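Visitor: I have a structure I would like to understand better, so I am pasting it below and will then ask my questions one at a time.
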Amino acid sequence: MRDSLRHSSRCCTALLMFPLRFLVALTALLTFCASTARCGDIDDAQRLFKAGDYEQCLAAAQKSLSNRRYGRLGEEWEVLLTRSQLVLGQLDQAAGDNASAVARYPWSIRLRLLNHRISRLLGHDEIASAQLAEIDQRLRRTPWRYTDSANLIAAGDALLLLRAEPRDVLLNFYDRAKKEAPDRVDAYLAIGRLALRKHDDALAAEEFRAAAKEFPNNPEVQYGLARALVSGDGKAAEAALKRALEINPRHVPSLLLTAEQLIDAERYVKAEAVLKSVLEVNPRQREAWAYRALLAHYAADPKGEQVFRGAARGRSNRLADVDHLIGRKLSRNYRFREGAAYQRRALEQDADFTPATIQLAQDLLRLGEEEEGWQLARRGFERDGYDVVSFNLVTLQENISKYRTLEDDDFIVRMEAREAEIYGRRVLALLQRAKESLCVKYHWTPSQPIIVEIFADQSDFAVRTFGMPGGAGFLGVCFGNVITANSPATQAGNPTNWESVLWHEFCHTVTLNLTHNKMPRWLSEGISVYEEQQADSRWGQSMTPQYRKWILGGDFTPVSELSSAFSSPPSGAHLQFAYYQSSLVVEYLIETFGFDVLREILADLGAGMPINVSLERRTNGLAALERDFAMFARARAEALAPDADWSEPQKNEQKLLQIAHTDPLKSNNIQVLARHCRELLAAKHWQAAKQPLQRLIGLYPEHVGSGNAYAMLARVHRELGEVDQETEVLERWASLSADAVDAYERLLELAAQNRNWAAVRTNAERLLAINPLHAAPHAMLARASGELGQVPAAAEAYQAVVRLDAHRATEAHYQLARILQTENPRAAKTHLLRALEAAPRYREAHRLLLKIHRTEEETKREAN
């Protein structure tokens, strides 16, 4: 019985123990499930935030916190609550709730950092500073508490506000955070944002691209990528921005970037609509109100500007960031003096606001106020040595200090010393011709010398022009009284007529000054291209088959929105078409309403009148202008090779080719005929190629681009030994093109063979207008000028040869000595000695040196 009792007793004990173990396990299981559920709850809420459902996210956070259903996630819920309130503009609620959260979690630097932000927005600067100081103390006292990814990022953000070294923050906090939690997006965002603040778009793009691979559905990542790419890769930036708004249609930073791009494109009505969407999310959004102030400024509405600027300020004690933003966008629109005024206002409120210092430096340099501009650039670099723009400017100043300065009463030209010696005089002469022509025509007189800087290094041009390397494709830029341009030395693979570039840019100087830089880009560019063509029919732009296709297809921008065609064009061809269409509008205005009307429009713009209001006033109305210009453009397109067949051969291609082969005079399809001609040249059927090439030129005589019929026909004549016919074809080609290098070189060769020195001079000058850094045209110009009795021109050309070509220098020194022997025998002897140094047995040089010596001796004897 005892055994049974013992057994029974053991059984009872086990039964008694089972409920206790079960309850412990069950409790642990329920705790784990509750925690997991809470994790799921906050994940759901964060997904709502990411999708732009801020109100629902806020409600979820409030519900969780009020029910105390947050467990170990209390801090996360509090952070999400505050972020939701901030994005919705609920500052007072955010201040109260966040203060309670800080009291509940005094160790949370993330909540304190949010409190700092709220306090700044509410004008509580002392509280904001106290929160930063407390964060600093906690990081010093208990650094071990803040080693997880989220806290490392918060610590880095706080230390940047405390003016810690950005590189130290990047390496010791943001990079550590990424290693600590590579599956979290926060570190990528922090690094990318820091790079953007320092204008390091390349680093920012690299970071955001990496983030996009891991987190493609995060709107912050896509927005950051768009921001990083917007100045370098417009298509990719547009795609990233579009993706951000697909993920979150209410994503405020992406909407603001959209509005910014619309403002840059001068599409102000659409920009206003986007800003309205932003303010529907957050009625207190500072940048949105700042952009509205900017739009009011453009509309010449000073009262509205001040009201919106005040709304941007809100209850904050500072407006430095707001004024900096408004000023930066004004400068983006070439209104540098107004932009500089806003930067000064920003610095009056916060003398240490480095972005305003750097922007003001750029504005002043673009206004020609160089002494203060360079001082501010150095000051900006001293304050923030990691800012790419300020570093670039300081480096640029060192490079420019080595340049040669050429001056006359109207211009200050800076060039690399060697280039200044070779063609600096040509630059000044060209600028003087432009001034004499355009200033009289537009009734404008410069009040100060115009600064023209020509850069032998494209990266220096880009830094001077844009603040950082890039800008490939830009030949020159005018800010008003300052012009920057690329030297021909930077265009080896794609030479362009530098004379037409400077003429174009000086025309900008005239029109920008007349309008106080208050003109839309399309009109500014349109007038400059138009005036190129007026100065030289070979300059500027002309109708092309692609332009014809776009115009006849109705694929061109309305005049009222034409500046938008320059903003993020789909391709380089579309950008060039924007220039051409703009010049066509200017031509239409002058032909239809007269040149005086164009001047009146410029006067309206200078007085602050919007362009579309002026066009409405000075023409038959904007609607009629749009309609009639479309008809004008269509007529111009149809006038291009009107007898040609512009269709693209498809099904009937073989039939058209057969016609071209059997009877070239019957084919008028441009593509088929051109292909047939290329096939004949490839087969060296020179005689057979004549007729179709002549047919092609007859159908489309304006074509002087790559693969044109003039070049092919000139080759045919050359192969057949028909020099006169070759010369005639080359002359026709040269008369139509400003950069027909092949034609100019061959004409130069033929003219020299025929001792036609006037033609030699003409074609040498044509080549030097494209690239004055080649010795051969200078050598031929020197010889032609000598033969024509133009001694000063010959001397100048020989001086250029000396500097450009060591092999030709010996002969050039000798020729210079011949020219100078009478008026400057000392200089002549110097040139002869240099010639003999290179060629000791140069007999002619010895004879001339002896002659000069004897002449000097005779002169001395006669004097005695």
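The values are calculated or read from the model by the stated rules, or taken from the named source; none is laboratory data. All of these numbers come straight from a predicted model, not from anything done at the bench. Neighbour counts are summed over all protein chains in view; Cβ atoms, including those assigned to glycine, are modelled from backbone coordinates with ideal geometry. These area figures cover heavy atoms from the full protein model, side chains too; ligands, DNA and RNA do not enter into them. Shrake-Rupley method; radii C 1.70, N 1.55, O 1.52, S 1.80 Å.
Visitor: Using Cα atoms only, what is the angle between the long axis of helix 775-787 and the major principal axis of the chain, expressed in degrees (0 to 90) to the nearest 10?
Guide: 30 degrees
Visitor: Right, here's the next one. Lysines within cross-link reach of residue 303: Cα-Cα under 20 Å, excluding same-chain residues under 8 positions apart?
Guide: 276, 329, 518
Visitor: Sort 635-644, 800-809, 474-483 for me by packing, meaning the mean count of neighbouring Cβ atoms within 10 Å per residue, highest on top.
Guide: Descending packing order for the listed peptides: 474-483, 800-809, 635-644.
Visitor: So for the chain, what are the equivalent ellipsoid semi-axes in whole Å, largest first, each being the square root of 5 times an eigenvalue of the Cα gyration tensor?
Guide: Working through the eigenvalues yields semi-axes of 67, 35, 30 Å.
Visitor: In addition: Roughly speaking, what % of Cα-Cα pairs in the range 391-515 are separated by over 17 Å, rounded to a whole number?
Guide: 55 percent
Visitor: Let me ask another. Where the Cα atoms of the range 73-212 are projected onto their three principal axes, how long is each span, largest first, in whole Å?
Guide: 40, 34, 29
Visitor: Separate question: Rounded to the nearest whole Å², what accessible area per residue is found for the chain with the 1.4 Å probe?
Guide: On a per-residue basis, 48 Å².
Visitor: Right, next: Which whole-Hz couplings ³J(HN,Hα) result when phi for each residue of the range 826-841 is put into the Karplus expression 6.51 cos²θ - 1.76 cosθ + 1.60, θ = phi - 60°, listed in order with x for Gly and Pro?
Guide: Residue by residue, the range 826-841 yields 5, 5, 4, 5, 4, 5, 5, 5, 5, 5, 6, 4, 7, 9, x, 9 Hz.
Visitor: Using a/c under 1.5 as the rounded threshold, could you call the range 419-470 rounded, prolate or oblate? The axes a ≥ b ≥ c are square roots of the C-alpha gyration tensor eigenvalues, and prolate needs a/b larger than b/c, oblate otherwise.
Guide: Oblate, since a/c reaches 1.5 and b/c is not below a/b.
Visitor: While we're on this one: Quick one: what does P(r) look like for the range 183-303 with 5 Å bins over all Cα pairs, in whole %?
Guide: The calculated distribution, bin by bin, is 2, 12, 20, 21, 19, 13, 8, 3, 1, 0, 0.
Visitor: Just to confirm the filter: which GluC sites (Glu not before Pro) across the range 722-827 are DSSP coil and have at most 14 other Cβ within 10 angstrom of their Cβ?
Guide: Within the range 722-827, the qualifying GluC sites (Glu not before Pro) (loop, at most 14 other Cβ atoms within 10 Å) are 823.
Visitor: Carbon and sulfur atoms: what percent of the 1.4 Å accessible area of the range 388-496 do they account for?
Guide: In the range 388-496, the share of accessible area belonging to carbon and sulfur is 51 percent.
Visitor: Checking the cross-link filter: which aspartates and glutamates have an alpha carbon closer than 15 Å to that of residue 270, excluding same-chain neighbours under 8 positions apart?
Guide: Partners found: 260, 561.
Visitor: What Kirkwood hydrodynamic radius do you get for the range 742-828 when you take the inverse of the mean 1/r over all pairs of distinct Cα atoms, in Å?
Guide: Across the range 742-828, the inverse of the average 1/r is 12.9 Å.
Visitor: Filter the trypsin sites (Lys or Arg not before Pro) in the range 384-419 to those in DSSP coil with at most 14 other Cβ atoms within 10 Å of their Cβ, and list the result.
Guide: Taking the range 384-419 and a limit of 14 other Cβ atoms within 10 Å, the loop trypsin sites (Lys or Arg not before Pro) found are 402.
Visitor: Ok, one more. Grab the Cα-Cα distance for residue 607 and residue 863, subtract it from 0.36 nm times how many residues apart they are, and report the gain in nm with one decimal.
Guide: 85.1 nm
Visitor: While we're on this one: Express in nm, to one decimal, how much length is gained between residue 141 and residue 803 on full extension, taking 0.36 nm for each residue of separation and deducting their alpha carbon distance.
Guide: Difference between extended and current length: 231.5 nm.
Visitor: Which order do peptides 578-588, 703-713 fall in by mean Cβ count within 10 Å, highest first?
Guide: Peptide ranking by packing, descending: 578-588, 703-713.
Visitor: Using only the alpha-carbon atoms of the range 302-418, report the extent along each of the three principal axes, biggest first, to the nearest angstrom.
Guide: 57, 33, 18
Visitor: Determine, for each peptide in 598-606, 519-527, the mean count of other beta carbons within 10 angstrom over its residues, then list the peptides with the highest first.
Guide: So the peptides 598-606, 519-527, ranked by packing, come out 519-527, 598-606.
Visitor: On full extension of the chain, what length is gained from residue 67 through residue 576, given 0.36 nm per residue of separation minus the C-alpha to C-alpha distance?
Guide: Stretched out fully, the residue 67 to residue 576 stretch lengthens by 176.9 nm.
Visitor: Same structure, new question: Go ahead and run the numbers for FRET between residue 826 and residue 443, Cβ-Cβ distance against an R0 of 45 Å, rounding to 0.05.
Guide: For R0 = 45 Å, the calculated efficiency reads 0.35.
Visitor: Okay, moving on. Label points 7 Å out from Cα along the Cβ direction at residue 694 and residue 599: separation in nm?
Guide: Distance between label points: 4.9 nm.
Visitor: Just to make sure I understand: if all protein chains stay in place, what is the order of 415, 780 by accessible area at 1.4 Å, largest first?
Guide: 780, 415
Visitor: Can you give the convex hull volume of the alpha carbon atoms of the range 675-720 per residue, in Å³?
Guide: With only Cα atoms used, the range 675-720 gives 63 Å³ per residue.
Visitor: Now for a separate question. Before anything else, pin down the relative contact order of the chain: Cα pairs under 8 Å, at least 6 apart, normalised by residue count, whole percent.
Guide: Relative contact order here is 6 percent.
Visitor: For a quick check of your reading of the filter: which trypsin sites (Lys or Arg not before Pro) in the range 124-163 sit in a DSSP loop and have no more than 13 other Cβ atoms within 10 Å?
Guide: Sites meeting the loop and neighbour criteria: 163.
Visitor: Per-residue ellipticity at 222 nm for the chain, helices alone: DSSP H runs ≥ 4 residues times -39500 (n - 2.57), over residue total, nearest 500 deg cm²/dmol?
Guide: Using -39500 (n - 2.57) per qualifying helix, the result is -23000 deg cm²/dmol.
Visitor: If the convex hull of the alpha-carbon atoms of the range 152-223 is projected onto planes in all directions, what is the mean projected area in square nanometres?
Guide: About 4.3 nm², averaged over all directions.
Visitor: With a Förster radius of 25 Å, plug the Cβ-Cβ distance of residue 318 and residue 127 into 1/(1 + (r/R0)^6) and report the FRET value to the nearest 0.05.
Guide: For residue 318 and residue 127, the calculated efficiency is 0.95.
Visitor: For the range 362-452, what is one quarter of the convex hull surface built on the Cα atoms, given in nm²?
Guide: That works out to 6.8 nm².
Visitor: How high is the FRET efficiency from residue 472 to residue 348, r the C-beta distance, R0 56 Å, rounded to 0.05?
Guide: 0.90
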